Amino acid sequence: MSAGLTSRFTSSEARASYFYGSMYLAVGAAVPFLPLWLRHKGFSDADIGILNAVPIWTMVLINVFVGRLADKASDWRQVILACSIVAALAPLLLFFLDDVWLIVVVWTLCVLPVMTLSPILDAATVRMTRRRGSDFAMIRVWGTVGYVAVNLIAGWLLGWAGIALFLPLYVIFCLVRGGMAFQLPAFRATAPEDAKLKAEAKDAPPPHKLQAQAFKDMFRPWFILAILGSALIVASHGPLYTFGSLLWDQQGIGKEVIGPLWAIGSGAEVLVFLAFARIARRFSARHLLLFAACVTCARWVGMSLEIPTYGYFLLQMLHAISFGITYLGTLNFVANWTAESFAAEAQSTVQVLSQALLATLVFGSGFIFSQFGALAFGISAIVALAGGLCVLASLMLINPRSEV
(Lines give C-alpha, C1' and ligand atoms only; values in the text may rest on other atoms or scores of the structure.)
Protein backbone atom coordinates (compact mmCIF):
# COMPACT_ATOMS: atom_id res chain seq x y z
CA MET A 1 0.00 0.00 0.00
CA SER A 2 1.43 3.39 -0.99
CA ALA A 3 2.38 5.96 1.64
CA GLY A 4 -0.29 8.34 0.29
CA LEU A 5 -3.05 5.76 0.62
CA THR A 6 -1.86 4.77 4.09
CA SER A 7 -1.89 8.42 5.13
CA ARG A 8 -5.44 8.78 3.83
CA PHE A 9 -6.72 5.88 5.93
CA THR A 10 -4.89 7.08 9.06
CA SER A 11 -5.65 10.79 8.71
CA SER A 12 -7.48 12.70 11.42
CA GLU A 13 -10.61 12.79 9.25
CA ALA A 14 -10.48 9.02 8.70
CA ARG A 15 -10.07 8.26 12.41
CA ALA A 16 -12.95 10.56 13.31
CA SER A 17 -15.03 8.79 10.61
CA TYR A 18 -14.28 5.38 12.15
CA PHE A 19 -15.54 6.57 15.52
CA TYR A 20 -18.69 8.10 14.05
CA GLY A 21 -19.27 4.80 12.24
CA SER A 22 -19.25 2.96 15.57
CA MET A 23 -20.97 5.62 17.65
CA TYR A 24 -24.53 5.03 16.45
CA LEU A 25 -24.46 1.23 16.18
CA ALA A 26 -25.97 0.79 19.65
CA VAL A 27 -28.41 3.63 18.99
CA GLY A 28 -29.47 1.89 15.76
CA ALA A 29 -30.49 -1.13 17.83
CA ALA A 30 -32.03 0.80 20.72
CA VAL A 31 -34.27 3.29 18.91
CA PRO A 32 -36.40 0.69 17.07
CA PHE A 33 -36.23 -2.19 19.52
CA LEU A 34 -35.67 -0.90 23.08
CA PRO A 35 -39.43 -0.23 23.54
CA LEU A 36 -40.25 -3.78 22.44
CA TRP A 37 -37.59 -5.22 24.80
CA LEU A 38 -38.93 -3.10 27.67
CA ARG A 39 -42.48 -4.28 26.96
CA HIS A 40 -41.07 -7.85 27.03
CA LYS A 41 -39.58 -7.03 30.47
CA GLY A 42 -42.99 -5.87 31.74
CA PHE A 43 -42.68 -2.07 31.35
CA SER A 44 -45.87 -0.04 30.83
CA ASP A 45 -46.10 2.82 28.30
CA ALA A 46 -45.68 5.31 31.17
CA ASP A 47 -42.60 3.39 32.42
CA ILE A 48 -41.07 3.52 28.94
CA GLY A 49 -41.64 7.28 28.79
CA ILE A 50 -39.97 7.73 32.19
CA LEU A 51 -36.99 5.53 31.23
CA ASN A 52 -36.38 7.62 28.12
CA ALA A 53 -36.86 10.94 29.93
CA VAL A 54 -34.64 10.36 33.00
CA PRO A 55 -31.29 10.17 31.14
CA ILE A 56 -32.17 13.28 29.14
CA TRP A 57 -33.06 15.31 32.23
CA THR A 58 -29.85 14.15 33.92
CA MET A 59 -27.90 15.21 30.84
CA VAL A 60 -29.59 18.61 30.96
CA LEU A 61 -28.21 19.15 34.47
CA ILE A 62 -24.58 18.31 33.64
CA ASN A 63 -23.96 18.78 29.92
CA VAL A 64 -22.92 22.44 29.87
CA PHE A 65 -20.46 21.82 32.71
CA VAL A 66 -18.95 18.83 30.89
CA GLY A 67 -18.69 20.93 27.73
CA ARG A 68 -16.87 23.64 29.70
CA LEU A 69 -14.52 21.00 31.14
CA ALA A 70 -13.82 19.69 27.62
CA ASP A 71 -12.98 23.22 26.42
CA LYS A 72 -10.50 23.65 29.29
CA ALA A 73 -8.81 20.28 28.66
CA SER A 74 -5.71 20.13 26.46
CA ASP A 75 -7.89 18.41 23.87
CA TRP A 76 -11.58 17.54 23.52
CA ARG A 77 -10.55 13.91 22.90
CA GLN A 78 -9.94 13.23 26.60
CA VAL A 79 -13.56 13.80 27.64
CA ILE A 80 -14.88 11.90 24.60
CA LEU A 81 -12.72 8.88 25.51
CA ALA A 82 -13.77 8.89 29.17
CA CYS A 83 -17.47 9.04 28.28
CA SER A 84 -17.07 6.23 25.72
CA ILE A 85 -15.48 3.90 28.29
CA VAL A 86 -18.33 4.41 30.79
CA ALA A 87 -20.93 3.87 28.05
CA ALA A 88 -19.16 0.64 27.01
CA LEU A 89 -19.10 -0.95 30.47
CA ALA A 90 -22.43 0.11 32.01
CA PRO A 91 -24.67 -2.03 29.71
CA LEU A 92 -23.11 -5.22 31.09
CA LEU A 93 -25.12 -4.66 34.29
CA LEU A 94 -28.41 -5.02 32.39
CA PHE A 95 -27.88 -8.78 32.13
CA PHE A 96 -28.41 -9.06 35.90
CA LEU A 97 -31.44 -6.79 36.42
CA ASP A 98 -35.21 -7.23 36.26
CA ASP A 99 -36.48 -4.46 38.56
CA VAL A 100 -37.96 -1.52 36.63
CA TRP A 101 -36.25 1.24 38.61
CA LEU A 102 -32.85 -0.47 38.65
CA ILE A 103 -33.06 -0.77 34.87
CA VAL A 104 -33.92 2.95 34.67
CA VAL A 105 -30.81 3.81 36.72
CA VAL A 106 -28.46 1.58 34.73
CA TRP A 107 -29.96 2.65 31.40
CA THR A 108 -29.19 6.22 32.41
CA LEU A 109 -25.54 5.20 32.90
CA CYS A 110 -25.61 3.60 29.44
CA VAL A 111 -26.91 6.55 27.44
CA LEU A 112 -25.97 9.61 29.51
CA PRO A 113 -22.26 9.47 28.56
CA VAL A 114 -23.19 9.20 24.86
CA MET A 115 -25.53 12.18 25.09
CA THR A 116 -22.78 14.10 26.86
CA LEU A 117 -20.00 13.31 24.38
CA SER A 118 -22.14 13.85 21.27
CA PRO A 119 -22.12 17.69 21.18
CA ILE A 120 -18.45 17.74 22.21
CA LEU A 121 -17.53 15.38 19.36
CA ASP A 122 -19.58 17.42 16.89
CA ALA A 123 -18.02 20.70 17.99
CA ALA A 124 -14.49 19.25 17.96
CA THR A 125 -14.90 17.67 14.52
CA VAL A 126 -16.51 20.78 12.98
CA ARG A 127 -13.63 22.96 14.22
CA MET A 128 -11.05 20.44 13.02
CA THR A 129 -12.54 20.20 9.53
CA ARG A 130 -12.87 23.96 9.16
CA ARG A 131 -9.24 24.43 10.15
CA ARG A 132 -8.08 21.72 7.76
CA GLY A 133 -10.42 22.58 4.87
CA SER A 134 -12.30 19.25 4.92
CA ASP A 135 -16.05 18.52 5.04
CA PHE A 136 -17.68 17.68 8.40
CA ALA A 137 -20.77 16.16 6.75
CA MET A 138 -18.60 13.59 4.92
CA ILE A 139 -17.27 12.43 8.31
CA ARG A 140 -20.59 12.52 10.16
CA VAL A 141 -22.33 10.54 7.41
CA TRP A 142 -20.59 7.37 8.61
CA GLY A 143 -22.57 7.56 11.84
CA THR A 144 -25.78 7.39 9.83
CA VAL A 145 -24.41 4.56 7.67
CA GLY A 146 -23.70 2.50 10.79
CA TYR A 147 -27.13 3.35 12.21
CA VAL A 148 -28.91 2.24 9.02
CA ALA A 149 -26.91 -1.00 8.82
CA VAL A 150 -27.89 -1.95 12.37
CA ASN A 151 -31.56 -1.04 11.78
CA LEU A 152 -31.64 -3.58 8.95
CA ILE A 153 -29.49 -6.28 10.54
CA ALA A 154 -31.08 -6.07 14.00
CA GLY A 155 -34.59 -6.09 12.55
CA TRP A 156 -33.84 -9.28 10.66
CA LEU A 157 -32.05 -10.96 13.61
CA LEU A 158 -34.74 -10.08 16.16
CA GLY A 159 -37.49 -11.17 13.78
CA TRP A 160 -35.71 -14.52 13.51
CA ALA A 161 -34.41 -15.05 17.08
CA GLY A 162 -36.85 -13.00 19.18
CA ILE A 163 -36.60 -9.80 21.20
CA ALA A 164 -34.41 -11.44 23.90
CA LEU A 165 -31.47 -11.05 21.48
CA PHE A 166 -31.70 -7.26 21.77
CA LEU A 167 -29.55 -6.94 24.89
CA PRO A 168 -26.54 -9.00 23.66
CA LEU A 169 -26.54 -7.01 20.40
CA TYR A 170 -26.73 -3.71 22.25
CA VAL A 171 -23.85 -4.62 24.57
CA ILE A 172 -21.62 -5.71 21.67
CA PHE A 173 -22.19 -2.43 19.84
CA CYS A 174 -21.42 -0.41 23.00
CA LEU A 175 -18.13 -2.27 23.44
CA VAL A 176 -17.20 -1.63 19.80
CA ARG A 177 -17.79 2.11 20.28
CA GLY A 178 -15.67 2.13 23.43
CA GLY A 179 -12.81 0.42 21.62
CA MET A 180 -12.94 2.80 18.66
CA ALA A 181 -12.63 5.82 20.96
CA PHE A 182 -9.00 4.94 21.68
CA GLN A 183 -7.97 5.66 18.07
CA LEU A 184 -9.55 9.14 17.91
CA PRO A 185 -7.21 11.94 16.80
CA ALA A 186 -6.25 14.94 18.89
CA PHE A 187 -8.68 17.53 17.56
CA ARG A 188 -6.79 20.69 18.47
CA ALA A 189 -3.42 19.58 17.01
CA THR A 190 -4.43 16.83 14.66
CA ALA A 191 -1.49 16.38 12.28
CA PRO A 192 1.94 17.82 11.36
CA GLU A 193 0.41 19.97 8.60
CA ASP A 194 -1.58 21.84 11.26
CA ALA A 195 1.56 23.80 12.13
CA LYS A 196 1.36 25.40 8.68
CA LEU A 197 -2.36 26.07 9.16
CA LYS A 198 -1.65 27.85 12.46
CA ALA A 199 0.86 30.10 10.76
CA GLU A 200 -1.66 30.96 8.06
CA ALA A 201 -4.33 31.70 10.70
CA LYS A 202 -2.27 34.65 12.00
CA ASP A 203 -3.12 36.54 8.82
CA ALA A 204 -6.84 35.71 9.02
CA PRO A 205 -9.33 38.63 9.04
CA PRO A 206 -10.91 39.70 12.36
CA PRO A 207 -14.09 37.87 13.45
CA HIS A 208 -17.47 39.00 12.13
CA LYS A 209 -19.24 41.58 14.32
CA LEU A 210 -22.12 39.13 14.92
CA GLN A 211 -19.89 36.29 16.12
CA ALA A 212 -20.16 35.56 19.85
CA GLN A 213 -16.72 35.96 21.44
CA ALA A 214 -17.90 34.98 24.93
CA PHE A 215 -20.49 32.53 26.25
CA LYS A 216 -22.83 35.33 27.37
CA ASP A 217 -23.01 36.62 23.79
CA MET A 218 -24.97 33.52 22.79
CA PHE A 219 -28.03 34.86 24.55
CA ARG A 220 -28.75 37.69 22.13
CA PRO A 221 -32.42 37.45 21.02
CA TRP A 222 -31.78 36.73 17.32
CA PHE A 223 -29.34 33.94 18.21
CA ILE A 224 -31.27 32.28 21.01
CA LEU A 225 -34.54 32.35 19.04
CA ALA A 226 -32.90 30.37 16.22
CA ILE A 227 -31.50 27.86 18.71
CA LEU A 228 -34.86 27.56 20.49
CA GLY A 229 -36.54 26.95 17.13
CA SER A 230 -34.06 24.19 16.32
CA ALA A 231 -34.56 22.68 19.79
CA LEU A 232 -38.34 22.55 19.32
CA ILE A 233 -37.98 20.83 15.94
CA VAL A 234 -35.65 18.23 17.49
CA ALA A 235 -37.91 17.77 20.52
CA SER A 236 -40.91 17.08 18.29
CA HIS A 237 -39.27 13.75 17.35
CA GLY A 238 -39.65 12.46 20.93
CA PRO A 239 -42.90 10.49 20.53
CA LEU A 240 -41.57 8.83 17.37
CA TYR A 241 -38.31 7.73 19.01
CA THR A 242 -40.13 6.43 22.07
CA PHE A 243 -43.34 4.93 20.68
CA GLY A 244 -42.93 4.63 16.91
CA SER A 245 -42.02 0.94 17.05
CA LEU A 246 -44.84 0.20 19.52
CA LEU A 247 -47.35 1.94 17.25
CA TRP A 248 -46.22 -0.07 14.24
CA ASP A 249 -46.15 -3.30 16.25
CA GLN A 250 -49.71 -2.68 17.44
CA GLN A 251 -50.76 -2.19 13.82
CA GLY A 252 -49.41 -5.65 12.97
CA ILE A 253 -46.22 -4.52 11.23
CA GLY A 254 -43.56 -7.21 11.82
CA LYS A 255 -40.11 -6.63 13.35
CA GLU A 256 -38.53 -7.49 9.99
CA VAL A 257 -40.38 -4.45 8.56
CA ILE A 258 -39.92 -2.14 11.58
CA GLY A 259 -36.13 -2.24 11.10
CA PRO A 260 -36.34 -1.08 7.44
CA LEU A 261 -38.88 1.59 8.46
CA TRP A 262 -36.22 3.15 10.69
CA ALA A 263 -33.45 2.49 8.18
CA ILE A 264 -35.11 4.21 5.22
CA GLY A 265 -35.35 7.49 7.10
CA SER A 266 -31.67 7.44 7.96
CA GLY A 267 -30.82 6.22 4.47
CA ALA A 268 -32.49 9.33 3.06
CA GLU A 269 -30.55 11.34 5.65
CA VAL A 270 -27.30 10.07 4.09
CA LEU A 271 -28.20 11.86 0.86
CA VAL A 272 -28.54 15.13 2.78
CA PHE A 273 -25.12 14.67 4.39
CA LEU A 274 -23.54 14.05 0.99
CA ALA A 275 -25.15 17.13 -0.57
CA PHE A 276 -25.11 19.51 2.41
CA ALA A 277 -21.94 21.41 1.52
CA ARG A 278 -23.59 22.50 -1.73
CA ILE A 279 -26.92 23.23 -0.01
CA ALA A 280 -25.26 25.37 2.69
CA ARG A 281 -23.60 27.55 0.04
CA ARG A 282 -27.00 28.48 -1.42
CA PHE A 283 -29.15 28.96 1.70
CA SER A 284 -28.56 30.46 5.13
CA ALA A 285 -28.69 28.11 8.12
CA ARG A 286 -31.84 29.75 9.47
CA HIS A 287 -33.68 29.48 6.15
CA LEU A 288 -32.86 25.77 6.20
CA LEU A 289 -34.22 25.50 9.76
CA LEU A 290 -37.46 27.23 8.72
CA PHE A 291 -37.87 24.81 5.81
CA ALA A 292 -37.18 21.85 8.13
CA ALA A 293 -39.83 23.06 10.59
CA CYS A 294 -42.50 23.11 7.88
CA VAL A 295 -41.63 19.62 6.63
CA THR A 296 -41.43 18.26 10.20
CA CYS A 297 -44.89 19.60 11.01
CA ALA A 298 -46.33 17.88 7.92
CA ARG A 299 -44.56 14.64 8.87
CA TRP A 300 -46.20 14.47 12.31
CA VAL A 301 -49.64 15.30 10.94
CA GLY A 302 -49.22 12.28 8.65
CA MET A 303 -48.12 10.06 11.54
CA SER A 304 -51.29 10.91 13.49
CA LEU A 305 -53.46 9.46 10.70
CA GLU A 306 -54.31 5.84 9.92
CA ILE A 307 -52.29 5.05 6.80
CA PRO A 308 -51.02 1.91 5.03
CA THR A 309 -47.49 0.63 5.60
CA TYR A 310 -46.08 2.24 2.45
CA GLY A 311 -47.29 5.61 3.78
CA TYR A 312 -45.06 5.19 6.83
CA PHE A 313 -42.10 4.54 4.54
CA LEU A 314 -42.81 7.82 2.72
CA LEU A 315 -43.13 9.72 6.01
CA GLN A 316 -39.93 8.17 7.34
CA MET A 317 -38.03 9.46 4.30
CA LEU A 318 -38.84 12.98 5.50
CA HIS A 319 -36.39 12.29 8.35
CA ALA A 320 -33.71 13.48 5.93
CA ILE A 321 -35.15 16.97 6.36
CA SER A 322 -36.79 16.92 9.80
CA PHE A 323 -33.58 15.67 11.43
CA GLY A 324 -30.79 15.88 8.82
CA ILE A 325 -31.31 19.48 7.73
CA THR A 326 -32.11 20.60 11.29
CA TYR A 327 -28.99 18.93 12.71
CA LEU A 328 -26.53 20.17 10.09
CA GLY A 329 -28.15 23.60 9.84
CA THR A 330 -27.87 24.08 13.60
CA LEU A 331 -24.26 22.90 13.70
CA ASN A 332 -23.35 25.34 10.95
CA PHE A 333 -25.22 28.18 12.63
CA VAL A 334 -23.47 27.65 15.97
CA ALA A 335 -20.02 27.14 14.44
CA ASN A 336 -20.44 30.27 12.30
CA TRP A 337 -21.39 32.57 15.15
CA THR A 338 -19.39 31.32 18.17
CA ALA A 339 -15.66 31.46 18.84
CA GLU A 340 -13.59 28.27 19.09
CA SER A 341 -12.58 29.05 22.69
CA PHE A 342 -15.96 27.83 23.96
CA ALA A 343 -16.97 25.54 21.07
CA ALA A 344 -17.90 22.48 23.16
CA GLU A 345 -19.72 24.57 25.77
CA ALA A 346 -21.72 26.33 23.05
CA GLN A 347 -22.70 23.08 21.34
CA SER A 348 -23.51 21.46 24.70
CA THR A 349 -25.79 24.39 25.54
CA VAL A 350 -27.69 23.85 22.30
CA GLN A 351 -27.93 20.13 23.12
CA VAL A 352 -29.18 20.87 26.63
CA LEU A 353 -31.97 23.08 25.35
CA SER A 354 -33.15 20.60 22.72
CA GLN A 355 -32.88 17.61 25.03
CA ALA A 356 -34.70 19.36 27.89
CA LEU A 357 -37.62 20.00 25.58
CA LEU A 358 -37.33 16.46 24.20
CA ALA A 359 -37.40 14.95 27.71
CA THR A 360 -40.47 16.97 28.63
CA LEU A 361 -42.31 15.83 25.51
CA VAL A 362 -41.21 12.20 25.91
CA PHE A 363 -42.36 12.13 29.54
CA GLY A 364 -45.77 13.58 28.69
CA SER A 365 -46.22 11.55 25.52
CA GLY A 366 -46.05 8.28 27.48
CA PHE A 367 -49.36 9.12 29.12
CA ILE A 368 -50.83 10.63 25.94
CA PHE A 369 -49.86 7.62 23.82
CA SER A 370 -51.39 5.17 26.31
CA GLN A 371 -54.71 7.05 26.04
CA PHE A 372 -54.83 8.28 22.44
CA GLY A 373 -52.29 6.25 20.45
CA ALA A 374 -51.19 7.87 17.18
CA LEU A 375 -52.93 11.14 18.03
CA ALA A 376 -49.92 11.88 20.28
CA PHE A 377 -48.14 12.95 17.08
CA GLY A 378 -50.52 15.91 16.87
CA ILE A 379 -48.59 17.35 19.83
CA SER A 380 -45.37 16.83 17.86
CA ALA A 381 -46.81 18.82 14.94
CA ILE A 382 -47.67 21.75 17.23
CA VAL A 383 -44.17 21.71 18.76
CA ALA A 384 -42.52 21.72 15.31
CA LEU A 385 -44.75 24.61 14.24
CA ALA A 386 -43.68 26.58 17.32
CA GLY A 387 -40.07 25.91 16.34
CA GLY A 388 -40.67 27.35 12.89
CA LEU A 389 -42.22 30.50 14.36
CA CYS A 390 -39.15 31.03 16.57
CA VAL A 391 -36.82 30.76 13.56
CA LEU A 392 -39.04 33.16 11.62
CA ALA A 393 -38.82 35.67 14.49
CA SER A 394 -35.01 35.36 14.43
CA LEU A 395 -34.98 36.08 10.70
CA MET A 396 -37.09 39.18 11.27
CA LEU A 397 -34.65 40.47 13.92
CA ILE A 398 -31.46 39.92 11.89
CA ASN A 399 -31.65 39.54 8.11
CA PRO A 400 -29.39 36.74 6.83
CA ARG A 401 -27.70 39.26 4.54
CA SER A 402 -26.11 40.67 7.70
CA GLU A 403 -24.34 37.35 8.18
CA VAL A 404 -22.28 37.64 5.02
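The values are calculated or read from the model by the stated rules, or taken from the named source; none is laboratory data. Not measured: the values here are computed from a predicted model. Note that each Cβ is placed from the backbone with ideal geometry, even for glycine, and that neighbours are counted across all protein chains shown.
Observations on the structure shown:
Residue-by-condition table, conditions (1) of a type in the set (Ser, Thr, Tyr); (2) assigned to a helix (DSSP H, G or I); (3) without any contact (Cβ under 8 Å) to a residue 60 or more places away in the chain:
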| position | (1), (2), (3) |
| --- | --- |
| THR125 | yes, yes, no |
| SER134 | yes, no, no |
| ILE139 | no, yes, no |
| GLY143 | no, yes, no |
| GLY146 | no, yes, no |
| GLY159 | no, yes, no |
| ALA164 | no, yes, no |
| PRO168 | no, yes, yes |
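- Scan of the stretch 132-177 for residues that are crowded, with 19+ Cβ neighbours inside 10 Å and basic (Lys, Arg), ordered by number: ARG140, ARG177
- Each residue in the stretch 87-135 was checked for being in contact with a helix residue (DSSP H, G or I) (Cβ under 9 Å, 6 or more places away or on another chain) and of a type in the set (Asp, Glu), and 2 pass.
- Any hit, the stretch 52-68, residues being free of Cβ contacts under 8 Å to residues at least 40 places away in the same chain and closer than 22 Å to GLY364 by Cα: yes
- Single match in ALA320, ALA344 (criterion: in contact (Cβ under 8 Å) with a residue 24 or more places away in the chain and over 30 Å from GLN213 (Cβ atoms)): ALA320
- Look at (1) at pLDDT below 90; (2) closer than 20 Å to ALA226 by Cα; (3) aliphatic (A, V, I, L, M) and you find that VAL362 fails only one, number (2).
- Residue satisfying all of: in the stretch 367-393; surrounded by fewer than 24 Cβ atoms within 10 Å (Cβ to Cβ) and not hydrophobic (A, V, I, L, M, F, W, C); nearest to GLY238 (Cα to Cα) among these: GLY378
- Selected residue (criterion: surrounded by the fewest Cβ atoms within 10 Å (Cβ to Cβ)) from residues of the stretch 260-313 that are of a type in the set (Phe, Trp, Tyr) and touching a residue at least 12 places away in the same chain (Cβ under 8 Å): PHE313
To keep it simple, each residue is scored yes or no on (1) at pLDDT 80 or above; (2) at positive phi; (3) not hydrophobic (A, V, I, L, M, F, W, C).
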position: SER322; (1), (2), (3): yes, no, yes
position: ILE325; (1), (2), (3): yes, no, no
position: PHE333; (1), (2), (3): yes, no, no
position: GLU340; (1), (2), (3): no, no, yes
position: GLU345; (1), (2), (3): no, no, yes
position: THR349; (1), (2), (3): yes, no, yes
position: SER354; (1), (2), (3): yes, no, yes
position: PHE369; (1), (2), (3): no, no, no
position: GLY373; (1), (2), (3): no, yes, yes
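- Only helices (runs of 4 or more DSSP H) whose full extent lies in the stretch 1-74 are considered here, and the ones with at least 2 residues that are out of contact with any strand residue (DSSP E or B) (no Cβ under 6 Å at 6 or more places or on another chain) and either on the phi > 0 side of the Ramachandran plot or surrounded by 20 or more Cβ atoms within 10 Å (Cβ to Cβ) (or both) are 12-23, 25-40, 45-72.
- Flag if VAL111 is surrounded by fewer than 22 Cβ atoms within 10 Å (Cβ to Cβ), part of a helix (DSSP H, G or I) and either without any contact (Cβ under 8 Å) to a residue 24 or more places away in the chain or within 21 Å of the chain's Cα centre (by Cα) (or both): no
- Considering the stretch 314-342, the residues that are among the small types (Gly, Ala, Ser) and part of a helix (DSSP H, G or I) include one that is surrounded by the most Cβ atoms within 10 Å (Cβ to Cβ), namely SER322.
- Of all residues in the stretch 35-88, those being closer than 24 Å to PHE182 by Cα and not aliphatic (A, V, I, L, M) number 13.
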